[in-house]
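Asker: First, the structure itself, so that you have it in front of you.
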Amino acid sequence: MTTLTEVEAWLADRLPALLEKYDVPGAAVAVLHDGAVVDAAAGTLNKATGVDATVDSLFQIGSVTKLWTATLVMQLVDEGRVDLDVPVRTYLPEFRIGDEAAAAVITPRMLLNHTAGFEGDIFTDTGVGDDCIKKYLGVLHEVPQLFPPGEQFSYNNAGYCVLGRLVEVLREKPYDACLREHLFAPLGLTHAATGPYDAIMFRAAMGHIEMEPGAGPQPAPMWAMARSNSPAGSMLCMTPRDLLAFARMHLEDGRAADGTQVLAPGTTGRMQSSEVVLPELGLMGSSWGLGFERFDTADGVVVGHDGNTIGQAAFLRMVPGTGLAVALLTNGGDALSLFRDLAGHALAELAGVELPPLPHPPAEPERVDVSRFLGTYSAEVFDLNVTQDDDGRVWIEQVPKGALVEMGGQVERTELVHYRDDMLIPVEPDRGMFMPHAFLGDDGEGHSLYLHLGRAVRRAGA
């Protein structure tokens, strides 16, 4: 079996060339195995300044933050202060959405495992003050319910903001302070920041996006999304090594490296256990736990989470029972392909785990009747228009709205072909991936009710 030292040498040797291959400006990677950590970094943190990426540079971890929010919630469960299966209103009487009946029964468990069922991509900026998450709850009052609570999985950023507010109320302090006092401190983190005012004290990465096709990644127009979305992943940044201190605690039944019990024995196992099965999208896990995404591979279960902010992408994978975890943090380009090369090597060499193949369009796609798929599917941040031209080719056009426009979103038009069952797939990759499009349910008139892309987007019209 390959040693961790050999993996360290491989990472140092291959990382610069892989950044160039995948047009990634800068990245840092770390591997944990049996309590030891190795790391490497290469490239630049910001093309505008030319500052080099180093192993002590901070990158945003995006939605990997949801694991931290889930951990804060589960600490309260350990203390007997939160019951996962009572209505959220038990702790947040002010919680309201557009559907009063749904709001009355949604539980913390549903928020943790993404089955609450209301529109989740709500990125409204409610200011930079410590009351921004409290104010955010007011933004949700008219948010529509997409399906009955608990019925199915639909990735929900807003739900994690609600969980962040739950933590604030019960701890009687801002979310950022909860992170620092209840996770940063007991984990002994030295290179982590909850926002720009502390990130500026370190070498911090700038996200890069491609403003025009073929132009390559350029510095994004802003560093971060709204602070009101912090519990879902808009602000938190750190080094891969500090992220692995968190992962190690989850691999070692809630114990930090110094023996501090951050979570009660057994709690991490509950968080990593399957709660809800996902559609077979191929780019996401096979099921979801209490915060954790689960990947059921032929070689065993891998758990973790991915994160994407404005031009930054993060990846965390853990193999329960092996003491192995891999963290990759990047600031633009084809980060997914970079992750598969780097993490794929470490997982295979140190745990004998092969990453499952990514979905890919068939060489000769079958011609099928797509009439029930056609129409417009609408979410808070985009409309998705599925059409068929006179030659029978199927197209999807994504039209950004609201916050997505402010973050540099562009109209994108892509051809889709048959993949399997009620699923279509793009013929061209987006940042190294072909995302299957699952068409689910029935609107009562023979059309699919949802277009599922990890989150359920409800039909808005024919």
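The values are calculated or read from the model by the stated rules, or taken from the named source; none is laboratory data. Everything quoted here is computed from the prediction, not taken from an experiment. When we count neighbours, we look across all protein chains shown, and the Cβ atoms used for this are built from the backbone with ideal geometry, even at glycine. These accessible areas exclude ligands, DNA and RNA; they are computed on the full protein's heavy atoms, side chains included. Shrake-Rupley method; radii C 1.70, N 1.55, O 1.52, S 1.80 Å.
Asker: Quick one: is ALA30 surrounded by fewer than 17 Cβ atoms within 10 Å (Cβ to Cβ), within 25 Å of ILE209 (Cα to Cα) and hydrophobic (A, V, I, L, M, F, W, C)?
Answerer: For ALA30, the condition - surrounded by fewer than 17 Cβ atoms within 10 Å (Cβ to Cβ), within 25 Å of ILE209 (Cα to Cα) and hydrophobic (A, V, I, L, M, F, W, C) - is not met.
Asker: Sticking with this one: For residues that are part of a loop (DSSP other than H, G, I, E, B), aliphatic (A, V, I, L, M), farther than 23 Å from HIS191 by Cα and at pLDDT 95 or above, tally how many sit in the range 257-293. Give the steps one after another, and end with the answer.
Answerer: Filtering the range 257-293 down to residues part of a loop (DSSP other than H, G, I, E, B) leaves 257-260, 262-266, 273-275, 278-286, 289-292.
With the extra rule that they be aliphatic (A, V, I, L, M), the set shrinks to 257, 262-264, 278, 281, 283-284, 290.
Filter once more, keeping what is farther than 23 Å from HIS191 by Cα: 264, 278, 281, 283-284, 290.
Narrowing the set further to residues that are at pLDDT 95 or above leaves 264, 290.
Within the range 257-293, residues that are part of a loop (DSSP other than H, G, I, E, B), aliphatic (A, V, I, L, M), farther than 23 Å from HIS191 by Cα and at pLDDT 95 or above number 2.
Asker: Within the range 62-91, can you find the residues that are of a type outside the set (Lys, Arg) and assigned to a loop (DSSP other than H, G, I, E, B)? Explain how you work it out, then say what you get.
Answerer: So the first thing to find is which residues in the range 62-91 are of a type outside the set (Lys, Arg), and the list is 62-65, 67-80, 82-88, 90-91.
Passing the criteria: GLU79, GLY80, VAL82, ASP83, LEU84, ASP85, VAL86, PRO87, TYR91.
Asker: Now, a different point. Here is a list of conditions, (1) farther than 24 Å from GLU168 by Cα; (2) touching a strand residue (DSSP E or B) at 6+ places or on another chain (Cβ under 7 Å), and PRO213 meets all of them except one; can you say which number that is?
Answerer: Here PRO213 meets the rest and fails (2).
Asker: Related question: Which one is surrounded by the fewest Cβ atoms within 10 Å (Cβ to Cβ) among residues in the range 202-227 that are more than 17 Å from LEU329 (Cβ to Cβ) and aliphatic (A, V, I, L, M)?
Answerer: Restricting to residues being more than 17 Å from LEU329 (Cβ to Cβ) and aliphatic (A, V, I, L, M), the top hit is ALA215.
Asker: Which members of the range 439-461 meet the condition of being closer than 30 Å to GLY214 by Cβ and modelled with pLDDT of 90 or more?
Answerer: LEU451, VAL457
Asker: Check PRO365, PRO361, PRO357 and return the single one that is part of a loop (DSSP other than H, G, I, E, B) and either aliphatic (A, V, I, L, M) or over 25 Å from the mean Cα position of the chain (by Cα) (or both).
Answerer: So the residue among PRO365, PRO361, PRO357 that is part of a loop (DSSP other than H, G, I, E, B) and either aliphatic (A, V, I, L, M) or over 25 Å from the mean Cα position of the chain (by Cα) (or both) is PRO365.
Asker: Turning to a different aspect of this structure: Is the range 133-146 home to any residue that is assigned to a helix (DSSP H, G or I), of a type in the set (S, T, N, Q) and surrounded by fewer than 20 Cβ atoms within 10 Å (Cβ to Cβ)? Steps first, please.
Answerer: Taking the range 133-146 as the starting set, the residues that turn out to be assigned to a helix (DSSP H, G or I) are 133-142.
Now narrow it down to the ones that are of a type in the set (S, T, N, Q): none.
Checked against the condition, which is being assigned to a helix (DSSP H, G or I), of a type in the set (S, T, N, Q) and surrounded by fewer than 20 Cβ atoms within 10 Å (Cβ to Cβ), the range 133-146 yields no hits at all.
Asker: Any residue in the range 5-18 that is closer than 13 Å to GLU349 by Cβ sitting within a Cβ distance under 7 Å of a residue that is small (Gly, Ala, Ser)? List the pairs, counting only those 6 or more apart or interchain.
Answerer: Qualifying pairs under 7 Å: VAL7/ALA346; LEU11/ALA40.
Asker: Separate question: Can you tell me which of THR297, THR322, THR330 is under 21 Å from ASP52 (Cβ atoms) and either open to solvent by 10 Å² or more (accessible area, probe 1.4 Å) or in contact (Cβ under 8 Å) with a residue 60 or more places away in the chain (or both)? It would help to see each step written out before you state the result.
Answerer: Details: THR297 fails: under 21 Å from ASP52 (Cβ atoms); THR322 fails: under 21 Å from ASP52 (Cβ atoms).
Going through THR297, THR322, THR330 in turn, the sole match is THR330.
Asker: Does the range 246-275 hold any residues that are farther than 17 Å from VAL73 by Cβ, surrounded by fewer than 23 Cβ atoms within 10 Å (Cβ to Cβ) and small (Gly, Ala, Ser), and which are they?
Answerer: Answer for the range 246-275, where residues must be farther than 17 Å from VAL73 by Cβ, surrounded by fewer than 23 Cβ atoms within 10 Å (Cβ to Cβ) and small (Gly, Ala, Ser): ALA256, ALA257, GLY259, SER274.
Asker: Name the residue, out of ALA30, ALA116, that is among the aliphatic types (A, V, I, L, M) and more than 25 Å from SER274 (Cβ to Cβ).
Answerer: Working: ALA116 fails: more than 25 Å from SER274 (Cβ to Cβ).
Step by step, each of ALA30, ALA116 is checked, and only ALA30 is among the aliphatic types (A, V, I, L, M) and more than 25 Å from SER274 (Cβ to Cβ).
Asker: For PHE184, which of the numbered conditions (1) buried (at least 21 other Cβ atoms within 10 Å of the Cβ); (2) closer than 15 Å to LEU111 by Cβ fails to hold?
Answerer: So PHE184 meets the others, but not (2).
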